[in-house]
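Below is one structure, written out as structure tokens; the observations come after it.
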Amino acid sequence: MRFLTQDPTLADFGHDPWWLILLKIVVAFIFGMSMILLGVWFERRVVARMAVRPGLNQVGPFGLLQTLADGIKGILKEDLLPRTADKVVFFFAPTVPAIFALTALSVIPFGPMVSIFGVQTPLQVTDVPVAVLVVLACSAMGIYGIVLGGWASGSTYPLLGGLRSSAQMISYEVAMGLSIVAVFMTAGTMSTSGIVAAQAGGSEASWSIFGWHPTVPSWYAILLIPSFLIFVVSAFGETNRAPFDLPEAETELVAGYMTEYSSIKFLLYLLSEYVAMVVMSSIIATMFLGGWRAPWPITAFWSGANSGWWPLLWFLAKVVLLLFIFVWVRATLPRLRYDQFMKLGWKVLLPVNLIWILLLGGLRVMQDEQFSGRNRWLIIGGAVVAVLLVALLWPARKAEPKTTLEEQMSARPSGSFPLPPLDLQVPPSPRAKRVVAERRPANVTASGAGSGQVADADTDADEKEV
Amino acid sequence: MTTADVLMLALGAVAVGAAAAVVTTRQIVRAGLWLVVALGSLAGLYLVLSAELVAWVQVLIYVGAVVVLLLFAVMLTRAPIGVSEDLDRSRWPGLLIGGGAGLGLAALLIDAYQWSTVDLADGAGAEEVGAAIFRSWVLPFEVLSVLLLAALVGAIVISRPDVSARVGR
Amino acid sequence: MGGYLGSYATLGLLLAVGVLFFLVAMTANRLLRTNRPSAAKSTTYECGLDPVGGDWAQAQIRYYVYAYLYVLFAVEAVFLFPWAVIFDDPGFGMTAVVEMGIFVGVLALGLLYAWRKRVLQWT
């Protein structure tokens with residue numbers, strides 16, 4: 001039975017010998033770091049190619065080692081400490097987001113059970129029954145790095161930038177936390193390895209269309225598509241990536257919370273953005289794209305695709321693809337305004353999420369409770385009619401009464417800045433008139449003459465006027 | 001002494017020490033950070049007691065949301081870097097009330113449980129907590145939503161004078 | 001070390017390795033960097049002007065309301081998590097869904113209130 005997938009269960013974790021734990025931790029670290037290098041390279045090379053520029057091409061093949069060179073350069077730079085800064089907090093704030101984002105990598109499943117030096121072990125650092133909450137908690141801790149970094153600089157722009165970006169992160173943290181609920185509802189577990197196992201294979205649907213039982217897709221990206229879309233959008237907001245990269249809106253805030261940082265501390269903030277991106281890509285792959293499982297057409301003709309070390313390849317491919325999408329979106333979409341951004345988070349993502357969760361809960365329970373076919377259709381039909389009725393009877397927005405320009409002007413408070421009259425005719429500039437008047441004779445006399453003569457005529461005219 | 005006992009003692013000491021630092025530090029934002037340490041080690045205590053879900057909820061809600069709310073409130077009003085000299089604190093009444101409440105609670109709990117021992121569940125995860133809430137504690141759960149709603153309305157009315165003015169008009 | 005505490009010990013170990021990694025990086029930076037401090041370098045950045053007055057700036061109170069809304073919905077999410085795991089089990093079913101529907105509905109009223117009072121509007 002070597003070729004069957006061996007799904008790790010929770011009981012398989014926590015029994016590794018110490019050297020294996022260390023090995024796994026080091027490998028997870030190397031995975032994180034190399035994905036960061038790749039992410040930064042994507043960011044510069046791919047965006048450059050999309051903008052028809054050559055991009056990185058000096059250090060290493062295709063400029064792949066440029067990030068490493070920049071990192072070394074950053075370490076050699078002078079570290080400036082503002083006089084007004086809170087020194088302790090200023091020192092540790094940049095490390096917080098990077099450290100916690102790296103910790104979140106520990107619950108990401110990279111593959112099934114494999115044999116490492118004769119020890120059967122899951123290809124995952126560790127797993128706990130509430131693993132997804134660990135990831136959420138780690139991303140919530142990242143807020144501290146930003147709000148404290150902005151405050152500890154003792155400067156105005158970083159303080160405002162820090163508040164703004166932490167408000168952004170908490171807004172999207174809400175949407176993200178709620179979009180995971182649908183995954184828990186379908187998988188029935190909160191452990192990451194359990195969620196991957198729950199996306200194992202398409203089972204035949206219990207309902208039928210004229211006697212045909214279609215295979216339910218196993219990836220939650222398809223099965224729970226509203227949750228998937230909400231999660232991806234909020235992942236962009238949570239990692240401060242374009243089009244939600246408002247903390248880096250340099251026209252408004254200089255560099256936001258990292259304005260005062262330099263040398264390695266600045267690099268750490270930069271790094272943490274990419275670590276968060278890598279973690280989010282891994283989480284999306286794990287929860288919505290089947291984790292380390294091979295995509296559908298491969299499993300159809302290769303039964304061994306999900307066993308041994310191959311799954312590592314599928315997982316890496318999914319993560320790299322998602323990183324590419326992160327960069328692609330940045331190269332494509334313009335930045336949102338802050339009010340549009342908040343509106344999207346609170347007025348669209350959150351309500352849609354709540355309604356979707358309750359709807360899904362109702363549907364699932366109805367499926368379980370074996371309503372007879374007719375009753376179920378009646379309930380579903382009733383719900384659809386109710387939604388349509390609400391949509392139909394929803395009070396339309398009252399049209400703003402149209403006011404004329406005169407009314408608007410007279411409504412201005414007294415003491416306002418004086419407005420020019422509405423029928424203002426701008427009189428032509430006296431100098432413009434003069435040039436026209438002076439050029440006419442110059443043109444008349446310039447039959448067959450060069451431009452020098454015209455210039456002479458101009459100066460002559462000036463002298464006459466004086 | 002098992003590993004769990006050692007961890008309990010160490011985390012408890014960290015929690016008490018950090019809590020003492022919260023009330024003695026003269027730097028407002030640092031007090032908030034000490035609160036993070038205290039609440040975090042409390043989460044660690046829950047973990048050792050194998051209440052996994054409660055531990056991570058502690059991190060998510062208290063460390064991740066409530067202290068952030070506190071920091072926001074401090075930074076929107078006044079968050080000086082360095083020592084604030086004008087903090088008013090009444091040492092003796094504070095010590096009396098804090099110490100009294102702590103000792104009283106400790107006496108109450110020690111008296112209630114005596115030396116009875118409870119076996120640790122093998123990880124009290126989401127299933128157990130969920131079953132308890134939706135079987136036995138439905139009413140408190142629903143009342144909680146009303147409490148949160150009332151607090152939100154209060155926060156909006158207090159923090160946005162323009163909103164309450166519009167209500168009065 | 002049992003399976004349960006062992007899993008969390010691994011998590012703690014990864015955290016410690018992360019801290020160690022960044023400590024090493026910071027130490028390397030401390031040893032390798034140039035260091036020529038001057039008064040001008042240690043002033044804060046104000047787009048080229050000399051900074052005047054304190055470091056603190058008045059920010060809008062709306063941030064606080066958003067943070068409060070975050071607390072509210074974080075609590076809601078925390079109750080939704082255990083519910084999502086068990087609502088499908090035998091013995092819960094429609095009752096659990098309706099109970100959660102009431103809870104979510106009451107909190108949604110809060111969102112609706114904030115919406116109607118234009119707190120969510122960032123002008």
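A few notes on this one:
- Filtering the range A:63-116 to residues that are away from chain C (no Cβ under 11 Å) and among the β-branched types (V, I, T) leaves A:T67, A:V88, A:V89, A:I108, A:V114, A:I116.
- Residue count for the range A:309-339 under the criterion of being away from chain C (no Cβ under 14 Å) and either aromatic (F, W, Y) or part of a loop (DSSP other than H, G, I, E, B) (or both): the result is 10.
- Residue count for the range B:58-79, restricted to those that are within 10 Å of chain A (Cβ to nearest Cβ), β-branched (V, I, T) and either surrounded by 22 or more Cβ atoms within 10 Å (Cβ to Cβ) or more than 17 Å from B:V129 (Cβ to Cβ) (or both): 5.
- So A:L81, is it of a type in the set (A, V, I, L, M, F, W, C), surrounded by fewer than 20 Cβ atoms within 10 Å (Cβ to Cβ) and assigned to a loop (DSSP other than H, G, I, E, B): yes
- Residue within the range A:123-136 that is under 19 Å from A:W292 (Cβ atoms), in contact with a strand residue (DSSP E or B) (Cβ under 9 Å, 6 or more places away or on another chain) and surrounded by fewer than 24 Cβ atoms within 10 Å (Cβ to Cβ) present: yes
- When B:S41, B:S50 are checked against the criterion of being at positive phi and touching a Leu at 6+ places or on another chain (Cβ under 6 Å), a single residue qualifies: B:S50.
- Count - residues of the range B:1-57 that are crowded, with 18+ Cβ neighbours inside 10 Å and among the basic types (K, R): 1
Quick grid of which residues meet (1) modelled with pLDDT under 90; (2) of a type outside the set (A, V, I, L, M, F, W, C); (3) surrounded by 24 or more Cβ atoms within 10 Å (Cβ to Cβ):
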residue	(1), (2), (3)
A:M280	no, no, yes
A:I283	no, no, yes
A:I298	yes, no, no
A:S303	yes, yes, no
A:L312	yes, no, no
A:T332	yes, yes, no
A:L336	yes, no, no
A:F341	yes, no, no
A:L354	yes, no, no
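- Tally, over the range A:357-378, of residues that are more than 11 Å from chain C (Cβ to nearest Cβ) and modelled with pLDDT of 80 or more: 0
- Residues in the range C:109-123 that are surrounded by 20 or more Cβ atoms within 10 Å (Cβ to Cβ) and either more than 7 Å from chain B (Cβ to nearest Cβ) or not in a helix (DSSP H, G or I) (or both): 3 in all.
The values are calculated or read from the model by the stated rules, or taken from the named source; none is laboratory data. The shown structure was predicted, so the numbers you read here are calculated from the model rather than taken from an experiment. A quick note on method: Cβ atoms are made from the backbone with ideal geometry, for glycine too, and the neighbour counts reach across all protein chains shown.
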